[in-house]
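In what follows, a single structure is set out as structure tokens and then discussed.
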Amino acid sequence: MAEIRSLPVAELDDRLAALGGPEPERPKGSRSAPEGFPELLGAVPGQVVLRMAPFPSGALHIGNGRMLFVNQYYRERYHGRLLLVFDDTIGSETKRVETEFFDLILGDLELAGIRPDAVYYKSDRIGRHYPWAVRVIEKGGAYVCRCPAEILRENRAAGRACPERAQTVAETLAEWEKMLSGGYAEGEAVLRLRTSLTDPDPAFRDRVLFRISEQDHPRVGHTYRVWPLLEFSWAVDDIELGITHVLRGKDLVMEDRMQQYIWQLLGIRAPPFLHWGLLRVREAKVSKSKSYAEVKSGQYDGWADPRTWSLRSLDRRGISMAALREFTLSFGLSLADIEVPAETLYAENRKLIDATTARRSFVADPVHVAVEGYPFDLASVALPNHPDRAELGVRTAFAGPTFYLARGDVERFAGQEVRLKDLVNISLPTERPGPGKTLSATFTSRENRKLPRLQWVGEREAVAVDLLGIDGQRTAGIGESALRAARPRETFQFERVGFVRVEDGGAAVAGPLKVVYGHP
RNA sequence: GCUCCCGUAGUCUAGUCCGGUCAAGGAUUCGUGGCCUUCGACCACGUAACGCGGGUUCGAAUCCCGCCGGGAGCACCA
């Protein structure tokens, strides 16, 4: 239901009312929530402002994709504005901002077909956060704490106040000035919110608002040394940027409470929040830091390596962003954490591309096979590009008498009669194919009989193919002659293998034709 | 440990707010059959679910209580 999902903190209703906010409309029986998406609380078409806030530490992945598409969905639904706000505060040792990721993410957004109405960088806005800190201090809502991080943590767990909590407003203002002017070094002082040390939720006790960092920021260098933490920076920016609804993953619900607390303190009306649970794709190990390490070290083939499961890697595999959008939106805004098999995404993509994707023959780990008694008139054949779609036309395939067959097929059907699909029947030898050897098979008949059907590639004009798998492994194979015309980024279905996408450059690039495996 | 969130078939999801129209709908997977000269597509059929225990009620997936299970937070990260 819309209200509960928008207001995970139960008392927000009351607070809204207390702050003069609008009474949530709740027409009985009205649940216009197409596709499982509730109405945004108090949304006025044309006046909704939303924001996406990725942290620039790597390429966007499927989880980020959900954030993108949910925001885009509501933006379209309410004809609203959607801002991109890079959450590039100073971060930490383990979470560092790096310049290259700004463009990378901008590229990902473009790939996803989402054009933000405006782009902001948190790091440009730090100076705007300071006056807000003063406002909070003047309301008696914060104090400067000089406890070492460890002590601070212990006190928080124990519900114990540190001596500085008793600071007067004037003292805090002085201390704050000292922080800003360099009177404290990194780690020596922080500005903390005065919530309650006895708050039942230990996570909520006097959280840190600002801290000192002397790190070099890739965009603004050493311009600032006092940096806000995520919660405070959003308490400011959500208001200053006029965000009307905050849509974020449920990992940030505690941050909602922080923002609401600050806004209430300052008498500001809070925009409602809306969340969704964690989405994991079973096959995808969504560790951004692992991907980061592997990309940096060169173990991965950049951020488009299939093993990253990044948006760009999915694109490279021929999985369309439209399919990804359908996929991510199909889960609605459920708060449950879910794990979905990649097959569900593949099914979505198949729906979109199957009818328009040409078929091609490809054999992995090829074995050279000469067919004795092969009919002379079948040196080449015309085959439809798609079994059900005549309008996709035909291609010419060079055929016998010499072929490449997949080693797996040759071994599996050794000594048996098989049908070369769309061609003729042959009898395979019992001999096991040794490396570099040509096997002898025998033509048996032409008529279509119920035999195991194998893909084949005629030797003439055959194309060497390099198939990159989802696991990052490359498979050498041979594809039919028609692949000589493969265009960059064209998608094919390799029969009995799966959907693949041609890499940038297509067949024009020297060497084997490079393709990436998409899905079955 | 404390706080919050979540629990409907193998996997997702609709339904839960406002109890009956739900002996629970859809998607995907799986199985069977059909069809097309792919292990893909399509068609048909099928298997399969309200976490557990109490309570309220004529009636509970839906309301209440207790439990169990899963996840997240308790960073001077985002």
Residue that is farthest from A:Leu468 (Cα to Cα), among those in region A:396-417 that are at pLDDT 85 or above and away from RNA strand B (no atom under 14 Å from the Cβ): A:Pro401
All strands (runs of 3 or more DSSP E) inside region A:472-513 with 2 or more residues being crowded, with 20+ Cβ neighbours inside 10 Å and of a type in the set (A, V, I, L, M): A:498-502
A:Leu423 being surrounded by 13 or more Cβ atoms within 10 Å (Cβ to Cβ) and either in a loop (DSSP other than H, G, I, E, B) or near RNA strand B (Cβ under 8 Å from one of its atoms) (or both): yes
Close pairs from region A:211-226: first within 17 Å of A:Phe102 (Cα to Cα) and of a type in the set (D, E, K, R), partner within 11 Å of RNA strand B (Cβ to nearest atom) and assigned to a loop (DSSP other than H, G, I, E, B), Cβ under 7 Å, at least 6 apart: A:Arg219/A:Asp88
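How many residues are under 28 Å from A:Ala482 (Cα atoms) and more than 9 Å from RNA strand B (Cβ to nearest atom) when one looks only at region A:323-350?
Counting residues in region A:323-350 that are under 28 Å from A:Ala482 (Cα atoms) and more than 9 Å from RNA strand B (Cβ to nearest atom) gives 2.
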Residue within region A:441-449 that is away from RNA strand B (no atom under 16 Å from the Cβ) and surrounded by fewer than 18 Cβ atoms within 10 Å (Cβ to Cβ) present: yes
Scan of region A:269-289 for residues that are within 12 Å of RNA strand B (Cβ to nearest atom), charged (D, E, K, R) and assigned to a loop (DSSP other than H, G, I, E, B), ordered by number: A:Arg282, A:Glu283
Test result for A:Val516, surrounded by 15 or more Cβ atoms within 10 Å (Cβ to Cβ) and more than 16 Å from RNA strand B (Cβ to nearest atom): yes
Sole exception among (1) more than 17 Å from A:Gly458 (Cβ to Cβ); (2) more than 41 Å from the chain's Cα centre (by Cα) for A:Glu391, by number: (2)
Region A:450-468, subset closer than 30 Å to A:Gly298 by Cα, more than 16 Å from RNA strand B (Cβ to nearest atom) and not acidic (Asp, Glu), residue surrounded by the fewest Cβ atoms within 10 Å (Cβ to Cβ): A:Ala464
Residues within region A:351-380 that are within 14 Å of RNA strand B (Cβ to nearest atom) and in contact with a Gly (Cβ under 9 Å, 6 or more places away or on another chain), tallied: 11
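Table: residues versus (1) within 11 Å of RNA strand B (Cβ to nearest atom); (2) closer than 26 Å to A:Gln264 by Cα; (3) outside the structural domain of A:Val97 (by TED's automatic domain parsing); (4) touching a Cys at 6+ places or on another chain (Cβ under 7 Å).
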{"position": "A:Cys145", "(1), (2), (3), (4)": "yes, yes, yes, yes"}
{"position": "A:Arg153", "(1), (2), (3), (4)": "yes, yes, yes, no"}
{"position": "A:Ala166", "(1), (2), (3), (4)": "no, yes, yes, no"}
{"position": "A:Glu171", "(1), (2), (3), (4)": "no, yes, yes, no"}
{"position": "A:Trp176", "(1), (2), (3), (4)": "no, yes, yes, no"}
{"position": "A:Gly182", "(1), (2), (3), (4)": "no, no, yes, no"}
{"position": "A:Leu191", "(1), (2), (3), (4)": "yes, yes, yes, no"}
{"position": "A:Arg194", "(1), (2), (3), (4)": "no, yes, yes, no"}
{"position": "A:Thr198", "(1), (2), (3), (4)": "yes, yes, yes, no"}
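Conditions tested, residue by residue: (1) free of Cβ contacts under 8 Å to residues at least 12 places away in the same chain; (2) farther than 28 Å from A:Arg282 by Cβ; (3) within 12 Å of RNA strand B (Cβ to nearest atom).
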position: A:Ala53; (1), (2), (3): no, no, yes
position: A:Ala59; (1), (2), (3): no, no, no
position: A:Ile62; (1), (2), (3): no, no, no
position: A:His79; (1), (2), (3): no, yes, no
position: A:Leu82; (1), (2), (3): no, yes, no
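Name the single residue, out of those in region A:212-268 being hydroxyl-bearing (Ser, Thr, Tyr) and more than 9 Å from RNA strand B (Cβ to nearest atom), that is farthest from A:Cys145 (Cα to Cα).
By that ranking, first place goes to A:Thr244.
The values are calculated or read from the model by the stated rules, or taken from the named source; none is laboratory data. Keep in mind the model is a prediction, meaning the values are calculated, not measured. FYI the Cβ positions are ideal-geometry reconstructions off the backbone, even for glycines, and counts take in every protein chain you see.
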